[in-house]
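Colleague: There's a structure below that I have some questions on.
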Amino acid sequence: VALEYAKIFKNLGSEVTIVFRGASPKKALEKTGLDKDLTAALVSDLRRSGVSFAKSSTCTDFQVPPPSTSGGKRRPLSITLVPTDKDKQNQEARIVKFDAYLAAVGRRPRVPDGLHSIGVEIDEYGNVQVDNDLSSATCPRLFAAGDVIGRPFLASTGVAQGLRAIDRIDKLLQLEAGVDASATMPFPVPAMAKAFGATFDAGIANQEYPVGVWTSPEVAWFGLSINQAKSRNIPAIEGIALYKESLRGVVFSPDGLLKLVAHENTHEIIGVHIVGTDACEIIHYGMELVRAKRTLSDVIEATYSAVTFHELYQIAARACLDQEGARLRRRAAGAAWAASQQELRADELAWKDDSLSILIDDSEPIVPVSRR
């Protein structure tokens, strides 16, 4: 949420600063399951956009001036920043001034106070503790779904959890009524990993549903990153495709990358990570590659329509199997893009020296053009 709103307000012309408790914004993002290269790309984009970072800090005091009696602009807020780094605890707090403050430090679920009295287990964050069937660990007849059970706080996962809870409630009632409960609901019910609340494990959860971050550029991923794979003793390889390596990227949106993570021995695709235009859309093809246990060869042998971002999957698959060649191709694509931008800037300067005055008259079929 913090990064999404940071880019929104920056694009609207505001000066934006993000406060991080940790010393590294990249490490803070990687804890959410974000791949290291996507993290680097996202942080670099924020810096290029002019977004500032206040690292190893936390906000402790707010001085809000009264509204202007003359109807003018309200005076800035005075916010006290205190260092969180233990090595910097002796440093004095500093006061910064901003027109607005947006809290994006997490949330606590709003659950009925009476749940404690009937023995429902609540974790330290206020989340209802449930098992993989969304049933309370201490009160089996109580089911919970959505934000009240904790992370990942996504609308799509809340719907999936709700469907699974309804399915389990239906089977429970059938069993109590002596009805055969082996039948399923008339539509498929999503499976959910045990990855909720305080027990949330990004590596497990990300194999159950895609994650999309609506920053600018967009970020999305499904499955394991290479670090998550290695932490589970899975031998893995990865391949990167730059947006500017595809025709659509060159023409419409050159900044971005798509990464595939695959099993080193079987070449089965186990993770997809994207940063760039339409990342939250094209991740769903990657999700199906992982779910269907497709291999790098399956992707390489497929035919993709030209001038689509799906070409990136094939480029990344080849990169997994030819790391050195992929690096050379990325370098060449970057050099070609830089050269084309240099030519474009030269053309723009030439146009300024030889500009045209254009009059468009909608009442006539001809557009008169006159040179100055």
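Colleague: Quick check on packing: order 155-161, 63-69 by the mean number of other C-beta atoms within 10 Å, highest mean leading.
Modeller: Ranking the peptides 155-161, 63-69 by packing returns 155-161, 63-69.
Colleague: Considering only protein heavy atoms, with the full assembly of protein chains and a 1.4 angstrom probe, order GLU343, GLU121, GLU245 by accessible area, largest first.
Modeller: If we order GLU343, GLU121, GLU245 from most to least accessible, we get GLU343, GLU121, GLU245.
Colleague: Give me the dipole magnitude in Debye, nearest 20, for segment 222-336 about the Cα centre, with unit charges on the beta carbon: positive for Lys and Arg, negative for Asp and Glu.
Modeller: Roughly 240 debye for segment 222-336.
Colleague: Hey, another quick one. Roughly how many debye, to the nearest 20, is the charge dipole of segment 41-153 about its Cα centre, given +1 on each Lys and Arg Cβ, -1 on each Asp and Glu Cβ, and no other charges?
Modeller: Dipole about the Cα centre, nearest 20: 780 debye.
Colleague: May I have the extent of the alpha carbons of segment 59-119 along their three principal axes, as whole Å values ordered from largest to smallest?
Modeller: Taking the Cα atoms of segment 59-119, the three principal extents are 54, 42, 15 Å.
Colleague: Just report the Cα centroid separation between segment 127-145 and segment 242-277, whole Å.
Modeller: Answer, in whole Å: 38.
Colleague: LEU247 accessible area, nearest 10 Å², 1.4 Å probe?
Modeller: So the heavy atoms of LEU247 present about 100 Å² to solvent.
Colleague: Looking at LEU115, GLN63, VAL105, which one has the Cα that reaches farthest to the positive end of the dipole of segment 63-141 (charges on Cβ: Lys, Arg +1; Asp, Glu -1)?
Modeller: GLN63
Colleague: If you place +1 on the Cβ of every Lys and Arg and -1 on the Cβ of every Asp and Glu, how big does the dipole about the Cα centre of segment 220-267 come out, in debye to the nearest 20?
Modeller: That gives a dipole near 80 debye.
Colleague: Got the relative contact order for segment 1-52 handy, in percent, Cα pairs under 8 Å and 6 or more residues apart?
Modeller: 44 percent
Colleague: Provide the solvent-accessible area of ARG318, counting protein heavy atoms only and rolling a 1.4 Å probe, rounded to the nearest 10 Å².
Modeller: In the full protein context, ARG318 sits at about 110 Å².
Colleague: Another one. With a 1.4 Å probe and every protein chain left in place, work out the accessible area per residue of segment 1-133 in Å², rounded to a whole number.
Modeller: 65 Å²
Colleague: Probe radius 1.4 Å, ligands and nucleic acids left out: which of VAL111, VAL251, VAL128 has the largest accessible area, and how do the rest follow?
Modeller: VAL251, VAL111, VAL128
Colleague: Carbon and sulfur together cover what percent of the accessible area of segment 250-327 at a 1.4 Å probe radius?
Modeller: 48 percent
Colleague: Any idea how far apart ARG107 and GLN342 come out in nm if each label point goes 7 Å out from Cα toward Cβ?
Modeller: 4.9 nm
Colleague: Ignoring everything but the protein chains, give the 1.4 Å probe accessible area of TRP221 in square angstrom, nearest 10.
Modeller: Its accessible surface works out to 10 Å², give or take rounding.
Colleague: Right, next: So how do 21-32, 276-287 stack up, highest first, on mean other-Cβ count within 10 Å?
Modeller: Taking the mean over residues of other Cβ atoms within 10 Å, the ranking is 276-287, 21-32.
The values are calculated or read from the model by the stated rules, or taken from the named source; none is laboratory data. Keep in mind the model is a prediction, meaning the values are calculated, not measured. Cβ coordinates were reconstructed from backbone atoms using ideal geometry, including for glycine residues, and neighbour counts include every protein chain displayed. We work out accessible area using only protein heavy atoms, side chains counted, and drop any ligands, DNA or RNA first. Shrake-Rupley method; radii C 1.70, N 1.55, O 1.52, S 1.80 Å.
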